[in-house]
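To start, the structure under review is shown below, and the notes come after it.
Each reported figure results from applying straightforward, stated rules to the coordinates on display, with no laboratory input. Keep in mind that what you see is a predicted model, and the values were worked out from it rather than measured. Note that we place each Cβ from the backbone using ideal geometry, even for glycine, and neighbour counts take in every protein chain shown.
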Amino acid sequence: MSRVLGLVASSCGGLDTRFAAQLAKPAADRGWELAITLTPTAARWLEKTGGIGDLEACTGLPVRSTSRLPGEPRPHPDPSVFLFAPASANSVAKLALGIADNQALTLLGDVLGTPGITIVLGYQIQDTRVHHPAWRRHLDTRVHHPAWRRHLDTLESAGVTTTRLTPDTSWTSVLDLLPAV
Ligand SMILES: Cc1cc2nc3c(=O)[nH]c(=O)nc-3n(C[C@H](O)[C@H](O)[C@H](O)COP(=O)(O)O)c2cc1C
């Protein structure tokens, strides 16, 4: 199995303080070679806080957030394993709908549903977007976005493993859902 992990992140609370420490570095420590791609907003946040350097320290590959120009070489190898975390409600919805208006979604949309490809998705959303009777018993949900569960169902039916990240527990546990390196 390839050791390359396509690590994709969008702009969720904690990205600036937790993404490198709780996802990128522990994944690299487990032996993954990281090919990191950020949504444009996530990249803007980390450029502002200086967090891109922390990510670059975890990988020998460039941290991507923009598409290449026609004729330019592809800066990353093609992973067969992807971790999209943290994934925002916005990016989850767009991925489920097939919208590919940035490099992160283009990358994931290109491989979604392909046999032999593993995608684990750790989403972090407001409780107000959760819409599932089973979850309602465990969470103090108030308003339910009508499309949210459909987006998760769409992705899960394409083989994506989904799990919820929360602001108050470490994101590192999502790495346990990846196949062994
Ligand atoms: C400080 C802050 C924290 C945010 N946290 C979250 C979050 O945890 N989950 C989420 O779905 N959106 C969150 N958002 C909103 C997203 O950043 C926003 O919807 C953005 O358009 C998502 O773009 P992206 O998916 O392309 O990164 C947050 C916004 C801000 C300013």
(message) Run the paramagnetic zone check for residue 163: 7 angstrom along Cα to Cβ, then residues of the range 22-55 with backbone nitrogen under 16 Å.
(response) 22-28, 30
(request) Give a residue-ordered list of calculated ³J(HN,Hα) values for the range 150-159 (Karplus: 6.51 cos²θ - 1.76 cosθ + 1.60, θ = phi - 60°; whole Hz; x for Gly, Pro). (result) 4, 5, 5, 4, 4, 5, 5, 5, 8, x
(request) Could you list 84, 19 in order of exposure, starting from the residue whose Cβ has the fewest other Cβ atoms within 10 Å? (result) 19, 84
(message) How charged is the neighbourhood of residue 4? Take every other residue with its Cβ under 14 Å from the Cβ of residue 4, and add Lys/Arg as +1 and Asp/Glu as -1.
(response) +2
(request) Treat the count of other C-beta atoms within 10 Å as a stand-in for reagent exposure and order 25, 48, 94 from fewest to most. (result) 48, 25, 94
(message) Give me the net charge for the shell around residue 156: Cβ to Cβ below 14 angstrom, other residues only, Lys and Arg +1, Asp and Glu -1.
(response) +2
(request) With r as the distance between the Cβ atoms of residue 69 and residue 170 and R0 = 45 Å, compute the FRET efficiency 1/(1 + (r/R0)^6) and round to 0.05. (result) 0.75
(message) Run the numbers for residue 149 and residue 78: contour at 0.36 nm per residue of separation, minus the present Cα-Cα distance, in nm.
(response) 22.6 nm
(message) How charged is the neighbourhood of residue 95? Take every other residue with its Cβ under 14 Å from the Cβ of residue 95, and add Lys/Arg as +1 and Asp/Glu as -1.
(response) -2
(message) Please arrange 92, 81 by how many other C-beta atoms lie within 10 Å of their C-beta, fewest to most.
(response) 81, 92
(request) With the convex hull built on the Cα atoms of the chain, state its orientation-averaged projected area in nm². (result) 10.3
